[in-house]
Amino acid sequence: MNRSTLNNASPLQQFSDAADSDDLDLTQMALLIGLSEYPNLDIELERQSLDSLASGASHRLDDEDDSLARANMLSEYLFDEVGFSANQEDYYDPRNSYLNEVLERRLGIPITL
């Protein structure tokens, strides 16, 4: 279910409420930013997409204790296997800043990647 349908508040109000929470949820906040531009955004579906990526990464990292090796393995997974990349052709494309777009297109700017 789309979390935004559970709350009749505007995306800006939802973002403000999330920012004031003692349990800060950065994923929720990033998706709420997207909700302001994409009112039909299914936040729960986007979370599932992130959970799937996390699960794929976790399976690769489970047996590795070295932090540098884990960072390299995560980078290889996200950029080589999954196909995320920096949008070098159109860095200022607004879609590079919306987490839902980055997940769909596998293209973004460093902060969203």
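Note down all Cβ pairs under 7 Å where the first residue falls in segment 49-78 and is farther than 21 Å from residue 31 by Cβ and modelled with pLDDT of 95 or more, the second is assigned to a helix (DSSP H, G or I) and of a type outside the set (A, V, I, L, M), and they're at least six residues apart or on different chains.
Sorted first by the residue in segment 49-78, then by its partner, the pairs are 73/60; 77/56; 77/60.
Need a quick list: helices (runs of 4 or more DSSP H) entirely within segment 26-113 having at least 2 residues that are touching a strand residue (DSSP E or B) at 6+ places or on another chain (Cβ under 8 Å).
Working: elements: 26-37, 43-61, 67-75, 99-105.
Result: 99-105.
The values are calculated or read from the model by the stated rules, or taken from the named source; none is laboratory data. Given the structure is predicted, the values throughout are model-derived calculations rather than measurements. With ideal geometry, Cβ positions are generated from the backbone for all residues, glycine too; neighbour counts draw on all protein chains shown.
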